[in-house]
1. Per-residue ellipticity at 222 nm for the chain, helices alone: DSSP H runs ≥ 4 residues times -39500 (n - 2.57), over residue total, nearest 500 deg cm²/dmol?
2. Show me the ranking of peptides 5-18, 184-197 by mean Cβ neighbours inside 10 Å, starting with the highest.
3. Give the relative contact order (percent, whole number) for the chain; include only Cα pairs under 8 Å separated by 6+ residues.
4. Go through 202-214, 104-116 and give me the packing order, highest mean Cβ count within 10 Å leading.
5. Would you please report the Å³ per residue occupied by the convex hull of the alpha carbon atoms in region 104-173?
6. Please report the relative contact order for region 104-173, taking Cα pairs under 8 Å with a sequence separation of at least 6, and give it as a percent rounded to a whole number.
7. Compute, for the chain, the length of the dipole vector about the Cα centre, with Cβ point charges of +1 (Lys, Arg) and -1 (Asp, Glu) only. Units Debye, rounded to 20.
8. With each label point set 7 Å from Cα along the Cα-Cβ vector, what nm distance links Ser259 and Ser158?
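The values are calculated or read from the model by the stated rules, or taken from the named source; none is laboratory data. Keep in mind that what you see is a predicted model, and the values were worked out from it rather than measured. Here the Cβ positions follow ideal geometry from the backbone for every residue, glycine too, while neighbour counts run over all protein chains shown. Protein only, heavy atoms only, side chains kept; ligands, DNA and RNA dropped before computing areas. Shrake-Rupley method; radii C 1.70, N 1.55, O 1.52, S 1.80 Å.
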Amino acid sequence: MNGASLLDIKNLRTSFRMSDGVVQAVRGVSLSVRRGEFLGIVGESGCGKSVTMLSVMGLLPENAAMKADVLAFDGKDLLRASPREKRSIRGDEIGMIFQDPMTSLDPLYTIGNQLMEPLRIHAKMSAREAARRAAEMLEMVGISSPASRLKQYPHEFSGGMRQRVMIAIAMSCNPKLLIADEPTTALDVTIQAQILELMKEMKEKSGTAVALITHDLGVIASVCSRVAVMYGGLIVEEGECGAIFYDPLHPYTKGLLASISGMGDGKRKKLAPIPGSPPDLMNPPDGCPFTARCAYAMKICAAASPRFTNIGGHSAACWLLRERRAA
Ligand code: SF4
């Protein structure tokens with residue numbers, strides 16, 4: 001494993017058995033998350049970004065099949081870990097937050113109960129210690145009057161506050177990695193910016209690495225240091241945030257960037273989306289998955305998969321780059 005890597009994924013393949021065939025949702029993803037970094041994983045819905053992280057977490061449904069050459073977290077081989085070891089890693093070392101905190105918070109239990117549970121189970125704290133830590137965590141995520149808030153139920157919190165609670169729960173056991181799957185999609189723009197800022201702050205305070213899954217490149221621009229762009233079950237471009245935004249290599253990344261404007265001025269507006277639709281992963285195409293939508297497609301694109309080419313410190317899988325590098 002790379003010395004700086006916390007999570008190493010090599011050649012991950014995840015598929016789902018459906019009544020009418022098999023969906024090849026992830027088709028050979030290799031990716032690492034470095035210690036303490038803020039990595040963005042971006043792509044349209046159905047590109048495999050969430051399935052990649054659910055595969056890492058061992059949270060796939062029963063109709064899924066997963067294979068990988070390497071799946072290692074902090075030196076532990078997740079491919080050989082028992083279900084019990086995986087559960088313990090999930091609770092202690094990897095935290096996760098999702099788009100809709102209402103589906104993750106139990107409406108029947110108080111916020112205090114839900115914050116204290118992982119502290120009692122994973123950090124083995126006494127009830128008193130857990131209550132103190134729960135109040136501290138609420139305060140840390142910007143919720144005032146934590147002592148009385150702990151006694152309230154999820155429906156008494158706004159959407160943004162519930163997401164703050166989820167961040168508090170996910171961070172309460174000091175995880176080494178926080179996986180955040182579209183954590184701000186359901187929130188309005190102002191609250192979205194506050195939650196992203198909070199995640200960045202928590203990362204800086206605790207040194208936790210964050211893998212942020214989103215369909216929105218604008219979200220990535222505001223917090224991430226490195227980006228992996230996914231399309232059709234594959235990573236198509238990867239590199240430092242600045243390199244991807246100022247010199248995107250892959251036509252799909254260029255299309256994603258062209259579809260948003262005014263990033264950073266707080267008034268992002270959606271421009272024309274990329275024409276066409278993503279490939280059918282029940283019958284994935286040979287060659288480059290972007291061929292059908294790519295304005296630069298050549299004969300070779302449909303016939304053979306492009307390999308990664310590294311240019312200027314970041315890399316992408318596109319046949320055009322072979323020529324650019326040779327030039
Ligand atoms: Fe377009 Fe071909 Fe590059 Fe794919 S490999 S992005 S189809 S030019």
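1. One gets -10000 deg cm²/dmol as the mean residue ellipticity at 222 nm.
2. 5-18, 184-197
3. 20
4. With the highest mean Cβ count within 10 Å placed first, the list reads 202-214, 104-116.
5. 74
6. 46
7. Roughly 380 debye, rounded to the nearest 20.
8. Using points 7 Å along Cα→Cβ, the separation is 3.0 nm.
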